[in-house]
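Each value in this text was obtained by applying a stated rule to the coordinates, not by laboratory testing. Keep in mind that what you see is a predicted model, and the values were worked out from it rather than measured. Glycine also receives a Cβ, built like all others from the backbone with ideal geometry; neighbour counts cover every protein chain displayed.
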């Protein structure tokens, strides 16, 4: 990943560094969804396109044929030159569930995806399961790296006068490199992964700019803060949006060390003429693959608070965040209840 792509503007904020990367995003609708060569399938195939990197230039097709998975491991658009397709592993028959249906699960596992030009991605795992659901479910995980495999370096000629060939300082290398173990990301679980053709396939973007999403606050159509709702869990995940029904890619719960946790600032809507109401919350715990949270959170009991929109800002520790942010703020509705002691609803 280039230094230009990974440019971060850092602002000191109460002992934390606020990551306010440029607000840019890749237009995934411009990506051509075609496959050069395909094998002879035994059943009707189902398609999903994975793209990697900040600019989404590396395309890896994933096609499932019944219980066989084809992956374009070298990202060249040819599904016939990648060796044998993946077969189920770690298969489990878990017996019948409460509804009488058979419960089972298995994984498709691949050690490395190695594009002809670009970094290798490792620890690919696509889990498939059915625990009494109307349709099978899928969960995908992959670990991202920014160092190309050794054989790629041998195949790629770099001009000695090109910027990429110039020596870098240790600080430059550290600022623009993933950790040695890579960065894990996840996708699937709740969304429709597959499409019936390449043209209608969803796109999952790994390694692109990320943005915060709030979890576990959905009472209606989306997240909301409810006054007098008691102690709740304030949960955040960091996602790279995709295209189509497959949903976003989510950053691993281990990508940000809890020794220097993320912090959430919330600017609450207040009655006109009132002093600002701001609260801060450390996300000092994590779980569930991609969730960072504070389990002591509650909506403030303050007479200034009114119905409206709260601005939630994610602040990040210095030097610990692996990917640039597309944005670091979201707006969340604040809803009063009949028992709330706040003034009548007003504007922020």
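Each of 106, 206, 190 was scored by other Cβ atoms within 10 Å of its Cβ. Arranged with the fewest first, they read 190, 106, 206.
Based on other C-beta atoms within 10 Å, arrange 52, 297, 321 from fewest to most.
Working: 52 26, 297 18, 321 22.
Ranked by crowding around the Cβ, least crowded first: 297, 321, 52.
For the peptides 198-205, 26-33, the ranking by packing is 198-205, 26-33, with the highest mean count of neighbouring Cβ atoms within 10 Å listed first.
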